[in-house]
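Undergrad: Below you will find the structure I want to go over with you.
The values are calculated or read from the model by the stated rules, or taken from the named source; none is laboratory data. Predicted model only: the values in this text are computed from it and were never measured. All Cβ positions, glycine included, derive from the backbone under ideal geometry; neighbour counts span all protein chains shown.
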Amino acid sequence: MKSAPLGINARFASRKGKSGHYTQLSPAERFAEKRAQNRLIRWQRQSMAARIMYDQRVAKCYRVRVKPFVEVLHSQKIHKAHFGGLVTCGSVWMCPICAAKITERRRQELESVNAAELSCFMVTLTLQHTRDDGLKTVQSHLAEAWRKMKSGRWYPKFQGEFLIVGSVAGTEVTYGLEAGWHPHKHVLVWSRLPHNEIKPDVIREKISARFEYILVKMGRYASPIHGVDVRKGDNLIADYVAKFGREPKESGWSLAAEITKAPVKIGLQFGDHYTPFQLLDLYLSGDWQAGKLFREYAITMKGTKQLVWSRYTREMLGLDQELSDEEIAAKQEQDAVILALLKPEHWRVILQKGKRSVLLEVADTGNVEYLRVFLASLGVEL
């Protein structure tokens with residue numbers, strides 16, 4: 001696999017003014033520019049996912065009509081445009097577009113939790129693996145180990161000792177050039193213990209002993225240093241959500257700004273470790289092996305829930321009934337108004353020219369005339 005395939009660097013902090021000199025962008029201008037770049041990369045990745053996963057629903061996502069016309073909608077509340085009347089796949093694993101929307105909803109939901117009387121800590125579990133291990137094998141073994149940890153008499157005793165009242169678990173997957181597929185299990189845990197009585201080292205020691213025991217019986221093992229990690233902190237929920245859709249600021253992932261609503265640059269930098277959507281960038285650059293890896297990942301994770309809540313936890317935290325990924329992806333802003341209705345032949349032009357993301361950027365203004373002029377430049381007359 002190539003290690004530095006894409007020559008895209010979006011780290012612009014200045015631009016040329018009328019005098020020919022570079023002027024510093026205002027914070028608002030920088031944010032708008034980053035958001036536009038994020039959207040462009042995201043739609044580009046979705047096109048690559050559709051090509052690789054040609055036999056899956058993502059190949060139809062935001063391409064195939066379910067209504068006579070494609071709607072270009074604008075929400076005055078959030079000042080953003082989106083499409084209506086199209087298929088949505090609702091796949092948080094395969095589709096960068098649906099993943100952004102789904103993960104943002106999950107972030108808002110988690111950060112709305114009112115748990116002032118509870119403490120929180122996060123447990124991360126992973127097991128040793130090599131490049132010879134397929135993702136399906138490693139992922140299934142990690143899932144099985146987690147199920148066994150929660151069965152029997154050990155887990156209720158552990159819950160009682162640390163006054164645990166609920167949890168939510170999810171899976172993160174990356175790929176490394178040296179060790180291959182690297183799934184992690186992240187578990188956010190709520191406890192009635194005071195915050196200052198949560199001792200990560202003590203919790204880690206107890207979980208590690210049980211986790212390693214289970215893995216040995218399965219014929220696998222975990223690193224004594226990296227197999228189990230336990231953390232607590234004021235920003236733990238934000239950090240937890242970060243595991244499912246955004247990357248650290250230093251990595252330059254395009255999904256970061258959209259999902260966290262933070263002004264994060266998206267210069268694409270590559271090393272020896274990749275997240276699944278970064279494999280789509282590698283594939284775009286001509287790395288066919290990256291495409292095969294993405295397909296392996298997508299097929300393996302298909303049908304897996306992004307987040308799994310323990311029984312009664314959502315009710316305890318005051319959360320509404322959980323929506324499915326598909327329901328979130330199909331959900332539209334209630335205040336959205338229609339800026340344009342595109343005929344089937346008009347939509348085909350947009351698809352052929354690869355202008356979906358640019359069309360939305362123009363529609364973000366909410367100005368029908370701007371949209372009309374843009375479409376006319378493509379040969380589409382409303």
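Undergrad: Sort out which residues of the range 69-93 are under 11 Å from A330 (Cβ atoms) and either part of a loop (DSSP other than H, G, I, E, B) or touching a helix residue (DSSP H, G or I) at 6+ places or on another chain (Cβ under 6 Å) (or both), and write them in order of number.
TA: V87, T88, C89, G90 - these are the residues of the range 69-93 that are under 11 Å from A330 (Cβ atoms) and either part of a loop (DSSP other than H, G, I, E, B) or touching a helix residue (DSSP H, G or I) at 6+ places or on another chain (Cβ under 6 Å) (or both).
Undergrad: Additional query: Here is a list: T130, T137, T126, T88. Which entry is surrounded by fewer than 15 Cβ atoms within 10 Å (Cβ to Cβ) and either within 22 Å of G303 (Cα to Cα) or basic (K, R) (or both)?
TA: None of the others qualify; the one that does is T137.
Undergrad: Would you check if there is a residue in the range 180-189 being among the hydrophobic types (A, V, I, L, M, F, W, C), part of a strand (DSSP E or B), under 19 Å from the mean Cα position of the chain (by Cα) and at pLDDT 95 or above?
TA: Scanning the range 180-189 turns up at least one residue that is among the hydrophobic types (A, V, I, L, M, F, W, C), part of a strand (DSSP E or B), under 19 Å from the mean Cα position of the chain (by Cα) and at pLDDT 95 or above.
Undergrad: Given the residues V173, V165, V138, which is the only one that is under 20 Å from S310 (Cα atoms), touching a residue at least 40 places away in the same chain (Cβ under 8 Å) and β-branched (V, I, T)?
TA: V165
Undergrad: Continuing with the same structure: How about the range 94-168: which helices (runs of 4 or more DSSP H) wholly inside it have at least 1 residues that are within 27 Å of S223 (Cβ to Cβ) and within 22 Å of the chain's Cα centre (by Cα)?
TA: Values: elements: 96-111, 135-150, 154-161.
In the range 94-168, 135-150 are the helices (runs of 4 or more DSSP H) which contain 1 or more residues that are within 27 Å of S223 (Cβ to Cβ) and within 22 Å of the chain's Cα centre (by Cα).
Undergrad: Show the residue pairs that are 6+ apart or on different chains and have beta-carbon atoms under 9 Å apart, the first residue being within the range 228-239 and modelled with pLDDT under 75, the second being assigned to a helix (DSSP H, G or I) and buried (at least 17 other Cβ atoms within 10 Å of the Cβ).
TA: I237/R107; I237/L110; A238/R107; A238/L110; A238/T260
Undergrad: Among the listed residues E333, E322, E345, identify the single one that is at pLDDT 95 or above, surrounded by fewer than 18 Cβ atoms within 10 Å (Cβ to Cβ) and not small (G, A, S). I'd like the intermediate steps shown before the answer.
TA: Working: E333 fails: at pLDDT 95 or above; E322 fails: at pLDDT 95 or above.
It is E345.
Undergrad: Now for a different question. Looking at the range 183-203, which of the residues that are of a type outside the set (D, E), without any contact (Cβ under 8 Å) to a residue 60 or more places away in the chain and surrounded by fewer than 19 Cβ atoms within 10 Å (Cβ to Cβ) is farthest from W93 (Cα to Cα)?
TA: Across the range 183-203, the extreme among qualifying residues is N196.
Undergrad: Does the range 353-368 hold any residues that are of a type in the set (S, T, N, Q) and closer than 17 Å to M48 by Cβ, and which are they?
TA: S357, the sole residue that qualifies.
Undergrad: Scanning the range 296-319 for residues that are of a type in the set (S, T, N, Q) and within 16 Å of the chain's Cα centre (by Cα), which turns out modelled with the highest pLDDT?
TA: Only one residue fits best here, namely T304.
Undergrad: While we're looking at this one, here's another question. Please specify each residue of the range 342-376 satisfying the condition of being farther than 16 Å from G84 by Cβ, touching a residue at least 24 places away in the same chain (Cβ under 8 Å) and among the acidic types (D, E).
TA: Within the range 342-376, E361 is the sole residue that qualifies.
Undergrad: In the range 51-68, what count of residues is obtained for those that are outside any loop (DSSP other than H, G, I, E, B) and over 17 Å from the mean Cα position of the chain (by Cα)?
TA: Final tally of qualifying residues: 5.
Undergrad: How many residues are buried (at least 17 other Cβ atoms within 10 Å of the Cβ) and more than 17 Å from E326 (Cα to Cα) if we restrict to the range 56-85?
TA: 8
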